[in-house]
Amino acid sequence: MTSDPFEAFKMAQREAWKSFAPLAQITTPTAAKLVHFAGVRPGQRVLDVGCGTGVVAITARRAGAVVTGLDLTPELLAVAKENAAIAEVDDIAWKKGDVESLPFRDGEFDVVLSQFAHMFAPRPEIAIKEMLRVLKRGGTIAFHTWPPELMFGRMFALVAQYMPPPPDPKPAPPGQWGDPNVVLQRLGNFVRDVTFDRGVQTAPALSPQHYRRMMEQSGGPIVRLLQSLKDDPARMAEFRRAYEGIVAQYFDRNVVHQDFLMTRAIKA
Ligand SMILES: C[S@@+](CC[C@H](N)C(=O)[O-])C[C@H]1O[C@@H](n2cnc3c(N)ncnc32)[C@H](O)[C@@H]1O
């Protein structure tokens, strides 16, 4: 028996994210940016929350850190292990788990990182409390998130319009994590020296339709939406046109450009 009221939501998330691996090509360069932004140094104990296929974890390990990667989705952890073997780093600890209930001791890590990951936890206040709990005092927390007013944030809002309304209690919208004011409020007095920056992710695509198709195959929220629209082709077509319209605004010379928010802070 579980007492987590979001268990069904998390099971659906796990199912939707299991085909994410091809998109890790796109998150690989930004992983290096996050590791650099966090100032990861050799010997530091680093946790990569929502590690997916391991792009941040393996980059931190190659920078000399002692690394643990945690993710909700076992299929992605299996790819992460393969990636670690290819990179010839066999000492990363990979753990299946939930950011809302981290299986680590208080203060176990020097650095806690999350690239486009903890933002999908349904209860932001619990996710951030857990990430800060396992971070030592004076340690660094750093993450990348999608701003609500840009492409991914607009996609999240569009997907929410086409999904059946979630039952209560409702998960927090992931795009909120891309708003610096919300981030400041969620980090509260638990941290000092909060620093924001912006990065840009670039995804090659032959057309907005190609990009849309790639996201339908591998982008968790859209994979889930398409599943729910499979018996309503008219509504699916309407969603696709609206989504392509958004993507087209970020598409230039066969590249989709997407700015993201970078946050770094020190645990007080
Ligand atoms: C967009 S992917 C990012 C993966 C990886 N960090 C990267 O940059 O390529 C989002 C990841 O968050 C994970 N995730 C979603 N909800 C989670 C939760 N509650 N706890 C841990 N991981 C979660 C998914 O399984 C998925 O691997």
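The residue list A63, A21 contains one member that is away from the ligand (no atom under 11 Å from the Cβ), of a type in the set (A, V, I, L, M) and surrounded by fewer than 24 Cβ atoms within 10 Å (Cβ to Cβ), which is A63. Within the stretch 108-148, being of a type in the set (G, A, S), on the phi < 0 side of the Ramachandran plot and in a strand (DSSP E or B) holds for S114, G139, A142. In summary, P167 fulfils each of the numbered conditions (1) out of contact with any Lys or Arg (no Cβ under 6 Å at 6 or more places or on another chain); (2) away from the ligand (no atom under 15 Å from the Cβ); (3) modelled with pLDDT of 95 or more; (4) not hydrophobic (A, V, I, L, M, F, W, C) with the single exception of condition (3). Among residues of the stretch 121-137 being closer than 13 Å to L47 by Cβ and not aliphatic (A, V, I, L, M), the one that is farthest from the chain's Cα centre (by Cα) is K136. Listed residues I126, I86; which is β-branched (V, I, T), surrounded by fewer than 23 Cβ atoms within 10 Å (Cβ to Cβ) and more than 28 Å from V200 (Cβ to Cβ)? None of the other options fit; the residue is I126.
This table checks each residue for (1) in contact with a strand residue (DSSP E or B) (Cβ under 9 Å, 6 or more places away or on another chain); (2) of a type in the set (A, V, I, L, M, F, W, C); (3) within 13 Å of the ligand (Cβ to nearest atom).
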{"position": "V55", "(1), (2), (3)": "yes, yes, yes"}
{"position": "V79", "(1), (2), (3)": "no, yes, yes"}
{"position": "A84", "(1), (2), (3)": "yes, yes, no"}
{"position": "D98", "(1), (2), (3)": "yes, no, yes"}
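E15 passes every criterion in (1) more than 19 Å from the chain's Cα centre (by Cα); (2) at pLDDT below 95; (3) not polar (S, T, N, Q) apart from (1). Filtering the stretch 178-216 to residues that are small (G, A, S) and not in a strand (DSSP E or B) leaves G178, G188, A205, S207.
The values are calculated or read from the model by the stated rules, or taken from the named source; none is laboratory data. A quick note: this is a predicted structure, and the numbers were derived from the prediction, not measured. Please note: Cβ atoms are built from the backbone with ideal geometry, for glycine as well, and neighbour counts cover all protein chains shown.
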